[in-house]
Every structure is written in structure tokens, then in C-alpha cells.
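All remarks here apply to the structure that follows.
The values are calculated or read from the model by the stated rules, or taken from the named source; none is laboratory data. This one's a predicted model, so the numbers in the text were calculated from it and none came from an experiment. Note: ideal-geometry Cβ built from the backbone for every residue, glycine included; neighbour counts use all protein chains shown.
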Amino acid sequence: MLLSEDSKLFRRTTNCYLHANYSPGFVGLFSLPRLAVDLYPEMELPIAVIVTSYEGAAPAEVEKIVTKPIESAVATTGNVQEINSRSQSGTSLVIVRFNWGTNMDNAAIELREKIDMVKAALPVRLVLPG
């Protein structure tokens, strides 16, 4: 009789153990297909690019007359992490990387104001972004 009571206790303990360990797994299997997965989360990279065109100018001239003044003006913008530039024949490219969390709408407005301040010193033939 003692063996049968121990075996019943063993079965009850085992059943409780199995239910406690496997129940979350079963609940997870049923709820997993209902979870929403966002394959393309909305993400705004804190980067602004300023492209200017100066037709007929050599790369050294573009860098001296266009790229450097724009870099200097843009460097005073708030939350700027890094500025990279590239001057090619007839084209200037300035890439401004901001700190994460920067409001890019406000940053774009501030960049436009900084560029407008140096616009008078830039060549007349220069085509600035719209």
C-alpha cells in the first residue's frame, strides 16, 4: 500500500511539473502567429546631403570656392556629429551626419539658414539645392 501511495504522489508531482514547464510553450506556440512583425520599421536616418553644381569648375576650385564655405557654415549647426565632403569637377557634395534623436525637420531648416548666410559669398553661376 505504501508503494501505491508513493507512486500516486510521484504521478501527481510529475503531472504538475509537466504542466508547469510545458504550458508556457504551448501558449507561446498559439500566440506567436498573432504577433505583429514589422519587416520595414520606419527609421529616419540623421543625415543631410547638400549637393551643389558649379559648371566648368575644376575639383580644386570647387573645393576652395564652394565646398569649404558650405562646410564652415554647416559646422555651426547644432547636433552635428560628422561632416564629410567630396569635390568633383563641377560638383560639390557635403554630407552632414547628426546625432541620433535629432529632429531632422528642424535640422534641415537650420542648414538652409546657414547656407543662405554664405550664399552671397558663393559664385553667381553656382546652382544650389532647391
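Quick one: which residue in GLU44, GLU82, GLU55, GLU71 is surrounded by 10 or more Cβ atoms within 10 Å (Cβ to Cβ), of a type outside the set (S, T, N, Q), assigned to a helix (DSSP H, G or I) and at pLDDT 70 or above?
Just one listed residue meets the conditions, GLU71.
Go through the residues of region 93-106 one by one and say whether even a single one is in contact (Cβ under 8 Å) with a residue 12 or more places away in the chain, surrounded by 14 or more Cβ atoms within 10 Å (Cβ to Cβ), within 28 Å of the chain's Cα centre (by Cα) and in a loop (DSSP other than H, G, I, E, B).
yes
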